[in-house]
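Before any comments, here is the structure.
Values in this text are rule-based calculations from the coordinates and carry no lab data. Please read all numbers here as calculations on a predicted model, not as lab measurements. Cβ atoms come from the backbone with ideal geometry, glycine included; neighbour counts cover every protein chain shown.
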């Protein structure tokens, strides 16, 4: 299988990483030459797909195209080109058009009858203000009183969503399928940095089986309401024993698919290939035992190790996979011997969640000892957590 991954940033890293795990030939396309995913592909093509020029020169011979970007012009060009050339496109434009707008998503949640945080001004403080468009933690701010709430409350009603800040742990779940048949995959637990950016994914979940079933039901209900044809990520917060939906993303997310791959050997990119190329929903066993996994991002600088949100992985150029990385099973990193400042996504597995966490602590200790890092920082959001936290 030859797959074209369009976009070389963090979504592209996810897609390329898992496509290589599936044994595919991976072509990454991006208009920039120094994108992180360049080190995870078989071939890189520098190309601006939003320019509507001859995409066949960039995507010659591919069997599948996976978008890993959120540029509307590029997505529209890819949709036309793949349709005209009869190349499977692992993307649902209609579903994405709703999930990429928090205003439209909230209307969908209301129709589906799922629990969500209350909208301001029908709630008390604190509140969270989020840009309607886009994903991740960019632009997310928490306000604790009416005086601190800026113009979002009176202006730009079509651009911002303001709702109650709901404290509690956050969880993610992907669902895949097409109308009439949807399959939920594995719940993962998310941890946030002070900027509400996801810094760690842990599996298996600490949710009770009853809440896992509730989450699966919510996710399939939303997929059905959306008429999803592809893959969707659903994020919730647990507050007073109730799961409240924070956001959906009808596209391949980053971070959680790799955690699920290492925990249950479920490759979401391979599932997309089965669905869009072979026309089958799955040839992989969904119900199988879970290994413990800790997936987290670290930033090493002289004397200091800091656990931080995913954004740090997009700031240091080309990334590569390294196995047995200071005791971690794998790392996605820019580290080379002698480098004073570097970043890494650590992937650490154990026979269960507790075993994986203990192994993670040994990995961190190994790195701190090897580089004489006296300072260790692993700060969290003061009130965990609120939507748009794991891209």
#### Entry: For segment 1-78 versus segment 209-286, the gap between their alpha-carbon centres in whole angstrom
22
### Task
List the relative contact order of segment 2-91 as a percent without decimals, with contacts defined as Cα pairs under 8 Å and 6+ residues apart.
32
#### Entry: Relative contact order computed over the chain (Cα-Cα under 8 Å; 6+ residues apart), in percent
18
### Query
Want the number for residue 133 to residue 358: 0.36 nm per residue separation, take away the alpha-carbon distance, what's left?
77.1 nm
### Query
Which value in deg cm²/dmol, rounded to the nearest 500, describes the helix-derived mean residue ellipticity at 222 nm for the chain, given -39,500 (n - 2.57) per DSSP H run of n ≥ 4 and division by the residue count?
-7500 deg cm²/dmol
## Note on the structure
In this structure, the FRET efficiency calculated for residue 104 and residue 217 from their beta-carbon separation, with R0 = 30 Å, to the nearest 0.05, is 0.85
## Note on the structure
Ranked from fewest to most other Cβ atoms within 10 Å of their own Cβ, 351, 359 fall in the order 351, 359
### Residues residue 239 and residue 210, FRET efficiency given R0 of 22 Å [Cβ-Cβ distance, rounded to 0.05]
0.90
### Message
Given a 10 angstrom Cα cut-off, can you work out which residue in 208, 188, 280 is the most mobile in a GNM of the chain?
### Response
208
### Task
Tally the DSSP beta bridges in the chain and give the antiparallel ones as a percent, rounded to 5.
80
### Task
Can you tell me the FRET efficiency between residue 145 and residue 336 if r is taken as the Cβ-Cβ distance and R0 is 51 Å, rounded to the nearest 0.05?
0.60
